Amino acid sequence: MANKRILKKQVHYICADIALECSIALQTIPDINEEIITDAIRDLAILQTDTLRKISFSFDRAPRDYEVKSVYNKERASYNKAAFRKLQVEFNEKILEIVNKMNSALPKINNEA
């Protein structure tokens, strides 16, 4: 993890790009299921809000709880790594669900191509 600011920007970019694809699909593909696409856009907005909220977390212990600061730093880094890995997995799973939902909205002719 580089830092939280960069991670938040990446979440914004990913969600915005997929929402843009949805809106372009609505305007350019005839016979697309508009209800599913608007539901996917709504899911993207919820996913973005939830993910950005989850990014701002902190380690629940202080350096004074440890005898040696290096142990604190090691545990804090381990905690952050595990938390961000979990966040990444959850975010990617939700993105795949939304993309699959978008694909289900396509007319049958485009699905076979």
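The values are calculated or read from the model by the stated rules, or taken from the named source; none is laboratory data. Bear in mind that the values here come from a model prediction, so they are computed numbers and not experimental data. Quick reminder, even Gly has a Cβ in these numbers, built from the backbone with ideal geometry, and neighbours come from all protein chains shown. Surface areas here come from the heavy atoms of the whole protein model, side chains and all, with no ligands, DNA or RNA. Shrake-Rupley method; radii C 1.70, N 1.55, O 1.52, S 1.80 Å.
Of a type outside the set (F, W, Y), surrounded by 17 or more Cβ atoms within 10 Å (Cβ to Cβ), within 26 Å of Y79 (Cβ to Cβ) and in contact (Cβ under 8 Å) with a residue 12 or more places away in the chain - does that describe any residue in region 16-38? There is no residue in region 16-38 that is of a type outside the set (F, W, Y), surrounded by 17 or more Cβ atoms within 10 Å (Cβ to Cβ), within 26 Å of Y79 (Cβ to Cβ) and in contact (Cβ under 8 Å) with a residue 12 or more places away in the chain.
Which one is nearest to I6 (Cα to Cα), of the residues in region 94-103 that are open to solvent by 70 Å² or more (accessible area, probe 1.4 Å) and of a type outside the set (D, E, K, R)? For region 94-103, the residue satisfying everything is L96. When the criteria are applied in full, E35 fails the requirement of being outside any helix (DSSP H, G or I) and of a type in the set (D, E, K, R). Filtering region 80-93 to residues that are modelled with pLDDT of 95 or more and open to solvent by 100 Å² or more (accessible area, probe 1.4 Å) leaves only E93.
Within region 8-37, the set of residues being under 13 Å from the mean Cα position of the chain (by Cα), within 14 Å of I98 (Cα to Cα) and among the hydrophobic types (A, V, I, L, M, F, W, C) comprises I14, C15, A16, I18, A19. Candidates are the residues of region 41-56 that are modelled with pLDDT of 95 or more and farther than 14 Å from F91 by Cα; the one that is most open to solvent (accessible area, probe 1.4 Å) is R42.
Checking Y66 against (1) touching a residue at least 12 places away in the same chain (Cβ under 8 Å); (2) surrounded by 14 or more Cβ atoms within 10 Å (Cβ to Cβ); (3) not aliphatic (A, V, I, L, M), which test does it fail? Here Y66 meets the rest and fails (1). The combined condition, being free of Cβ contacts under 8 Å to residues at least 40 places away in the same chain, more than 30 Å from P107 (Cβ to Cβ), surrounded by fewer than 15 Cβ atoms within 10 Å (Cβ to Cβ) and aliphatic (A, V, I, L, M), is fulfilled by A77. Taking region 38-71 only, how many residues are among the β-branched types (V, I, T), over 24 Å from the mean Cα position of the chain (by Cα) and either within 19 Å of Y13 (Cα to Cα) or not in a helix (DSSP H, G or I) (or both)? Of the residues in that region, 1 qualify.
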